[in-house]
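Comments concern the structure below.
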Amino acid sequence: MEIDNFDLVRGHLTFEPVEETRLAKGGKRKTSVYQVDQYEIHILRRPKDCKDVANRLGSNESQRMIRTYEVKNLDYLDRKREAIKELCRSNNARAYILLQVRDSRDYLLNLAHKALEALEKRNYGVKAEHMTRSAFCEMHTSRDPVWMLDIDEGETFGWTKEGIYAMLRENLESCGRDPSLVWEVPTRHGCHIITEPFNTKLAESVCPLCFKDQSKGYRYEAASAWFAANAPDLADQAVLEALKSNPFKILEVERLLKDRAALLDAFRRDCKKDIAGWLHRDATTLLYAP
């Protein structure tokens, strides 16, 4: 099923000009207007979207950043729309856009610093495309910061979309932000909820999945099956079922095996897994998937 979010995302992109005053010839001050805002689009092919290539050549050859587009105005996005779609279709790839607007001046300064650093370290083998991409992506400052919650239908841990929105609205209001600015981008298996920055400590205390990166935890299904097969006499269903909404109740679950060191080691080895948090502070969202 094709997912085309161009029109949806386009309506949320903003470009604000800036004025700069400098000395011109003759010592007179001259004010000029510049367009410095930009967004970045990545055309990315993932190994799981081309398993035949991964099986033949290896995952490093199947995962590819096919192209990067720097969007400095809406006219450019409109002109490149069909080219981006065709690249995705012909390479079985996806287009992602970094929704946090960047300042081209900061980007160029960061790029210059990276170039100087490479020269100082005599890192002459650095790839130009890698350096430019990292110079942009490593910039986390923005005049209009936005975050994203990546909600996969199979990873909601009992939370409904309505519950997530209610939690966000309450959190944003406590921060003095406008909850009406929250919006949603559909994905293949769920949605991305786009929001202004919020109180992460408060959010995580209410919803344990509101964190970034990954953390170790136990999934209810795997933990329950393990206890049923290996230690049914030690299982406490109330403790295990708490994992349905909070997979990070690690101590509570492990306490069931506290006097059985060998079983505890086996349980950790078999069941403790990385669980991805929902929060992505650069708000990289799906623009197009064929």
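Can you find a residue in region 85-93 that is at pLDDT 85 or above and closer than 29 Å to ARG143 by Cβ? Checked region 85-93: no residue is at pLDDT 85 or above and closer than 29 Å to ARG143 by Cβ.
Is it fair to say ASP103 is more than 27 Å from CYS191 (Cβ to Cβ) and either at pLDDT 95 or above or of a type in the set (D, E, K, R) (or both)?
Working: more than 27 Å from CYS191 (Cβ to Cβ): yes; either at pLDDT 95 or above or of a type in the set (D, E, K, R) (or both): yes.
Yes.
Out of the residues in region 125-134 that are outside any helix (DSSP H, G or I) and not small (Gly, Ala, Ser), state the one that is surrounded by the fewest Cβ atoms within 10 Å (Cβ to Cβ).
Looking only at region 125-134, we keep the residues that are outside any helix (DSSP H, G or I), and these are 125-127.
With the extra rule that they be not small (Gly, Ala, Ser), the set shrinks to 126-127.
Values: VAL126: 15, LYS127: 8.
Among residues in region 125-134 that are outside any helix (DSSP H, G or I) and not small (Gly, Ala, Ser), the one surrounded by the fewest Cβ atoms within 10 Å (Cβ to Cβ) is LYS127.
Residues in region 99-127 that are within 30 Å of GLN214 (Cα to Cα) and of a type in the set (A, V, I, L, M): LEU99, VAL101, LEU111, VAL126. Filtering SER205, SER180 for residues that are closer than 19 Å to GLY277 by Cβ, more than 20 Å from the chain's Cα centre (by Cα) and assigned to a helix (DSSP H, G or I) leaves a single hit, SER205.
Considering (1) assigned by TED's automatic domain parsing to the domain that holds ARG177; (2) exposed (fewer than 14 other Cβ atoms within 10 Å of the Cβ); (3) in contact (Cβ under 8 Å) with a residue 12 or more places away in the chain, the lone condition that ARG89 does not fulfil carries the number (1). Which residues, taken from region 135-176, are loosely packed, with under 14 Cβ neighbours inside 10 Å, among the β-branched types (Val, Ile, Thr) and over 26 Å from GLU16 (Cβ atoms)? Answer for region 135-176, where residues must be loosely packed, with under 14 Cβ neighbours inside 10 Å, among the β-branched types (Val, Ile, Thr) and over 26 Å from GLU16 (Cβ atoms): just THR160.
If VAL126 satisfies all but one of (1) β-branched (Val, Ile, Thr); (2) under 22 Å from ALA242 (Cα atoms); (3) free of Cβ contacts under 8 Å to residues at least 40 places away in the same chain, what's the number of the condition it fails? Looking at each condition in turn, VAL126 falls short on (2).
Checking the structure you have, find out if any residue of region 188-207 is surrounded by 14 or more Cβ atoms within 10 Å (Cβ to Cβ), more than 27 Å from VAL9 (Cα to Cα) and of a type outside the set (A, V, I, L, M, F, W, C). Checked against the condition, which is being surrounded by 14 or more Cβ atoms within 10 Å (Cβ to Cβ), more than 27 Å from VAL9 (Cα to Cα) and of a type outside the set (A, V, I, L, M, F, W, C), region 188-207 yields at least one hit.
Just checking, which of LEU109, LEU74 is at pLDDT below 95, out of contact with any helix residue (DSSP H, G or I) (no Cβ under 6 Å at 6 or more places or on another chain) and among the aliphatic types (A, V, I, L, M)? Show your work before the answer.
Values: LEU74 fails: at pLDDT below 95.
The conditions single out LEU109.
Annotation: ILE250 fulfils all but one of (1) touching a residue at least 24 places away in the same chain (Cβ under 8 Å); (2) in contact with a helix residue (DSSP H, G or I) (Cβ under 8 Å, 6 or more places away or on another chain); the unmet one is (2). In the list GLU20, GLU40, which residue meets the criterion of being within 30 Å of HIS189 (Cα to Cα) and surrounded by 11 or more Cβ atoms within 10 Å (Cβ to Cβ)? None of the other options fit; the residue is GLU40. Looking across ARG105, ARG67, one residue alone is surrounded by 15 or more Cβ atoms within 10 Å (Cβ to Cβ) and either within 16 Å of PHE6 (Cα to Cα) or out of contact with any Lys or Arg (no Cβ under 9 Å at 6 or more places or on another chain) (or both). It is ARG67. With respect to (1) in a helix (DSSP H, G or I); (2) outside the structural domain of ARG255 (by TED's automatic domain parsing); (3) without any contact (Cβ under 8 Å) to a residue 24 or more places away in the chain; (4) out of contact with any Lys or Arg (no Cβ under 7 Å at 6 or more places or on another chain), the lone exception for ILE164 is condition (3).
The values are calculated or read from the model by the stated rules, or taken from the named source; none is laboratory data. Because the structure is predicted, anything quoted here is derived from the model rather than measured. Cβ atoms come from the backbone with ideal geometry, glycine included; neighbour counts cover every protein chain shown.
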